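The values are calculated or read from the model by the stated rules, or taken from the named source; none is laboratory data. This one's a predicted model, so the numbers in the text were calculated from it and none came from an experiment. Note: ideal-geometry Cβ built from the backbone for every residue, glycine included; neighbour counts use all protein chains shown. Surface accessibility is based on the protein's heavy atoms, side chains included, excluding ligands, DNA and RNA. Shrake-Rupley method; radii C 1.70, N 1.55, O 1.52, S 1.80 Å.
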Amino acid sequence: MKPDASLTIALAKGRILDEALPVLAGAGIFPTQDPGTTRKLILATNLPHVRIIIVRATDVPTYVAYGAADLGIAGKDVLMEYNNNVVYEPLDLGIARCRMVLAGPKRTLQPVHGRLRVATKYVNTTRDYFAGQGRQVEIIRLYGSMELAPVLGLADYIVDLMDTGNTLKANGLVPLETIAEISSRVIVNKAAMKMKHDQIQPLLDKMALWKKGK
Ligand code: ATP
Ligand code: PRP
């Protein structure tokens, strides 16, 4: 059987996109339309056998794990949360850097609810972090604007990403503990890595070179 020559790369709109496009350009891949503005979700590139799909940041590992995409670029925060080791993670691109932190009000409050309440969208990572320290917490899942939760008494603390610290500061919160250093990684479907090694490995090599020259 002739090996499948096509490659599908999953990218997320939002913060990672602006930093991911130069990585692809460094590997000689240019989308034929601007992924930041087009409503199309499947984009052709200058290479006839390579296409880009645009998905939610949190969905990149799912597309790659199931082989709907051969590779993708995803934040370590999303990968930690996905947490099932079913994709290869061969390259840390060092882009979209930030920290995952436990944050809370400037003046540390005693929990009013008995058990500490922590609001986050990183439910699995937060559970593992506190369990690893033998600390019991109640986790409240939110999907955004986590910084509001302590302000309104919904939670005592939050686990969220911090870069400049401006968002925490603007809401009267401070970082208390660093849970993980975050950057974006290239992830590869395990079967594709074997079946399409001749296409994927040179691409990874070029991306690694791009990183070195950055
Ligand atoms: P989704 O659309 O799936 O809900 P999202 O809204 O969190 O995801 P973005 O805010 O664009 O998507 O974030 C995408 C990725 O960018 C995150 O997974 C993280 O790795 C990185 N990131 C998020 N916030 C920052 C930040 N403040 N500084 C640097 N990188 C960040
Ligand atoms: C992320 C994160 C923080 C903010 C931190 O949110 O959730 O709110 O960035 O960055 P800073 O420390 O530089 O202020 P984002 O702006 O991506 O919005 P989101 O709520 O849609 O994730």
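Projecting the alpha carbon convex hull of segment 98-181 along each direction and taking the average yields 4.9 nm². Across 10 Å bins from the origin, how do the percents of Cα pairs in the chain run, short distances first? Spelled out bin by bin, the chain gives 8, 31, 29, 19, 10, 2, 0 percent.
Given the pairs K121/K169; K13/K212; K106/K211; K169/K214; K13/K190; K40/K214, which span a C-alpha to C-alpha distance of over 27 angstrom in this model? Present the calculation step by step, with values, prior to reporting the outcome.
On the way: K121/K169 20 Å; K13/K212 25 Å; K106/K211 38 Å; K169/K214 31 Å; K13/K190 24 Å; K40/K214 30 Å.
Checking Cα-Cα distances, K106/K211; K169/K214; K40/K214 exceed 27 Å.
Which value, in debye to the nearest 20, describes the size of the charge dipole of the chain about its Cα centre when Lys and Arg Cβ atoms bear +1, Asp and Glu Cβ atoms bear -1, and nothing else is charged?
Details: 27 positive and 20 negative charges, 20 e Å.
With only Lys, Arg, Asp and Glu charged at Cβ, the dipole is about 100 debye.
Please compute the length gained on full extension between N83 and L41, using 0.36 nm multiplied by the number of residues separating them and subtracting their Cα-Cα distance.
On the way: separation 42, 0.36 × 42 = 15.12 nm, distance 2.57 nm.
The span from N83 to L41 would gain 12.5 nm if fully extended.
In whole percent, and with a 1.4 Å probe on the protein chains, what portion of the accessible area of the chain is carbon and sulfur?
Working: 6060 of 11490 Å².
Percent of accessible area from carbon and sulfur atoms in the chain: 53.
Please give the peptides 32-44, 151-163 ranked by average Cβ packing (other Cβ atoms within 10 Å per residue), highest first, as a rough proxy for protection. Numbers along the way, then the final one.
Details: 32-44: 11.9, 151-163: 19.5.
Packing order, densest peptide first, comes out as 151-163, 32-44.
Sorting the Cα pairs of segment 5-128 by distance into bins of 5 Å, from 0 upward, gives 2, 9, 18, 20, 17, 10, 7, 6, 4, 3, 2, 1 percent per bin.
Annotation: per residue accessible area for segment 98-181 equals 55 Å², rounded to a whole number [probe 1.4 Å, protein chains only]. Plainly put, segment 1-67 has a radius of gyration that is 0.96 times its Kirkwood radius, both from alpha-carbon atoms, as the Rg/Rh ratio. Over the residues of the chain, the helix contribution to mean residue ellipticity at 222 nm works out to -8500 deg cm²/dmol, using -39500 (n - 2.57) for each DSSP H run of at least 4. For q values of 0.17 Å⁻¹, compute log₁₀ I(q)/I(0) with the Debye formula on a Cα-only model of segment 144-185, without solvent. Per q value, in the given order, log10 I(q)/I(0) is -0.47. The charge dipole of segment 98-181, taken about the Cα centre with unit charges on the Cβ atoms of Lys, Arg (+1) and Asp, Glu (-1), comes to about 200 debye, rounded to the nearest 20.
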